[in-house]
1. Please rank Lys180, Lys50, fewest neighbouring Cβ atoms within 10 Å first, as an exposure proxy.
2. Using amide H atoms built in the peptide plane, which far-off residues or other-chain residues are under 5 Å from Thr74 H to H?
3. What are the ³J(HN,Hα) couplings of the range 163-178, residue after residue, when phi is run through the Karplus curve with 6.51, -1.76, 1.60 and θ = phi - 60°? Round to Hz, x for glycine and proline.
Amino acid sequence: MPYSHALLALLAERDGYAWSLRSGIEAALGDDWVGASRSHVYTILKQLLKNGLVTAAPQPSTDHRPDITRHAITEAGRAELARWMDEATVRSAGYRDDFQIKVMAAALHGAAEIRRVCDTQRRARLEELQVLHALREEEAAADGLGTWTVEVAINYLNADLLAVDSAESRAEQIAEEIPKLLAPFLGTGGDSTSAAESVRNSA
């Protein structure tokens with residue numbers, strides 16, 4: 001899990017507390033990236049502790065507040081961090097996404113429906129890009145490293161737009177081939193025209 005390794009990376013530099021670790025990650029990457037409450041950080045640290053990757057030492061409070069826990073990385077934790085750093089990052093969800101499924105469903109209704117789906121997807125992504133470009137300007141004005149994390153998000157959205165362009169440019173081919181591939185399920189004998197017609201009639 002990326003967040004657990006972020007915690008290990010900070011603990012490899014110095015011992016820390018849940019609140020300081022979360023604050024450190026937020027300062028480095030921006031609060032939009034963090035997306036984890038303090039209680040979530042506690043949960044992750046407990047799992048790291050269970051796996052022998054960190055230690056936990058309660059620190060007595062001097063002002064009548066509950067004791068706090070100081071965490072430190074173990075040798076096993078350093079080994080795990082080194083292993084993770086040496087590996088290429090793998091997409092957690094692979095290369096499948098909802099857009100591909102939506103294009104498949106649209107193909108059963110013809111190329112025009114694929115183009116409509118693409119148009120909807122493109123408009124949504126362009127709206128997200130507009131927000132991110134504004135956020136990048138804010139980060140640049142603050143001279144923060146958050147500019148880089150926003151640029152990464154922008155690059156991902158631009159890649160999504162390329163996928164939309166690809167689907168739109170091949171709409172006719174996709175609308176012809178998908179019904180053929182689904183013919184055994186649709187009971188249409190491989191005829192893309194009758195497959196699309198079958199879906200329209202059942203709608």
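A short reminder: the numbers here are calculations on the coordinates, not readings from a lab. Treat the numbers as computed from the prediction; the structure is a model and nothing was measured. Every residue, glycine among them, receives a Cβ derived from its backbone with ideal geometry; neighbour counts consider all protein chains shown.
1. Values: Lys180 15, Lys50 9.
The fewest-first ordering by Cβ neighbours comes to Lys50, Lys180.
2. Correct list: Val54, Thr55.
3. Once θ is set to phi - 60°, the couplings for the range 163-178 become 5, 5, 4, 5, 5, 5, 5, 10, 4, 4, 5, 5, 5, 8, 7, 4 Hz.
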